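Everything below concerns the one structure shown next.
The values are calculated or read from the model by the stated rules, or taken from the named source; none is laboratory data. What you see is a predicted model; the values in this text were computed from it and never measured. Glycine also receives a Cβ, built like all others from the backbone with ideal geometry; neighbour counts cover every protein chain displayed.
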Amino acid sequence: MNLAALPKIELHCHLDGSVRPETIIDIAQRDDIIIPCFDIEVIKKELIAPLECQSLDEYLEKFSIPNLVMQSKENLRRIAFELLEDSAKENVKYIEIRFAPLLHTAGGLSIEEVIESVLEGIKDGEVLYDIKGNLILSCMRTMSVDKAFEVVEKGKRFLGKGVVAIDLCASENEGFCERFLEPMVLARKYGYRVTIHAGETGIGKNVLEAVELLGAERIGHGVYIKDCIEAYEIVKDKKITLEMCPTSNVQTKAVKGFKEHPIYDFYKDGIKVTVNTDNRTVSNTNMTKECNIVFDDFDISYGDYKEIYLNSVEASFVDEEIKEKLKKYI
């Protein structure tokens, strides 16, 4: 089967984890930004997390260099465009890009300017390629609750203009959901859809609380529902979609290896699963590679893939008209 030719949907892709290494060098040279060196092979080693990564925290260290070159309108717009371009070239028909606006204000940009710049890059990509993109605003769990409120408030003017959802990400500690309850309630009131990183690092109960307390419609990763029966049941019963990222999950040690990944067991048991890259550069992957993993390691059929694709369409934060268009690709 020609996996590259298959239509694809991506619901979990971080902008700052998907910057082309060549672009980082180009921007750093042009803008006099200090990075370790300008040798492409060295920079790739600095950006790409190994499969032998010891933890999620070690994996997250790889984001420091990309953020250095993501502090201007021009650079944010370019990087967003290039992500759409790269995705379109492997037949991704729809992508939801997520990023934390507060990480890109060090150069003096306002949150609104940051969001607007990324949306412009997405629109640039849509003009040139057969792809549709939307934006998810991530709030960092390592920041204060007030900062989450700030993102929710500043981002609401872009709802219906490319921003579709709110997210919580970064290091995962047990019980984080209660801390961020109020900003997430406000976000839902404004009309944001909700997807939450949870159950990535061994705490299945966080998935349960993300659904019950925060109103999560989708869960980023959710691997550890396998060890929490209450979380497993609520995900299955409420048809909560899991945004699963096989390569990333091996790197962060959410699973020991690809064959131990629960994605296919979840799928066979009726849980809504989707296939995603998480971070194209940090995980040295793309959607074709991730699809290849699930085809090779779990021997899934084209029928299985079609169902997962349609799960992704149904779980996407778009209107019915776009969903119907996406269904026709497969």
Residue hits (segment 63-87; within 11 Å of S18 (Cβ to Cβ), modelled with pLDDT of 95 or more and either in contact with a strand residue (DSSP E or B) (Cβ under 6 Å, 6 or more places away or on another chain) or aromatic (F, W, Y) (or both)) are L84, S87
Going through segment 91-129 in order, the residues found to be more than 15 Å from D167 (Cβ to Cβ), surrounded by 19 or more Cβ atoms within 10 Å (Cβ to Cβ) and small (G, A, S) are S117, G121, G125
When segment 171-190 is checked residue by residue, the ones that are among the hydrophobic types (A, V, I, L, M, F, W, C), over 16 Å from A231 (Cβ atoms) and in a helix (DSSP H, G or I) are L181, M184, V185, L186, A187
Counting only helices (runs of 4 or more DSSP H) wholly inside segment 48-88, the ones holding at least 3 residues that are more than 19 Å from H12 (Cα to Cα) are 64-68, 73-88
**Request:** State whether one or more residues within segment 237-247 are farther than 14 Å from I225 by Cα, at pLDDT 95 or above and not in a loop (DSSP other than H, G, I, E, B).
**Result:** yes
Considering residues that are in a loop (DSSP other than H, G, I, E, B), free of Cβ contacts under 8 Å to residues at least 40 places away in the same chain, under 18 Å from E74 (Cα atoms) and of a type outside the set (A, V, I, L, M), the number found within segment 11-40 is 1
Of (1) surrounded by fewer than 19 Cβ atoms within 10 Å (Cβ to Cβ); (2) outside any helix (DSSP H, G or I), R157 fails just (2)
Review point. Quick check: anything in segment 89-112 of a type in the set (S, T, N, Q) and without any contact (Cβ under 8 Å) to a residue 40 or more places away in the chain?
Key: yes
Residues of segment 159-199 being under 20 Å from the mean Cα position of the chain (by Cα), at pLDDT below 95 and not aliphatic (A, V, I, L, M), in sequence order, are S171, E172, N173
Check your understanding: Would segment 142-159 turn up any residue that is touching a residue at least 40 places away in the same chain (Cβ under 8 Å), among the β-branched types (V, I, T) and closer than 25 Å to I271 by Cα?
Key -> no
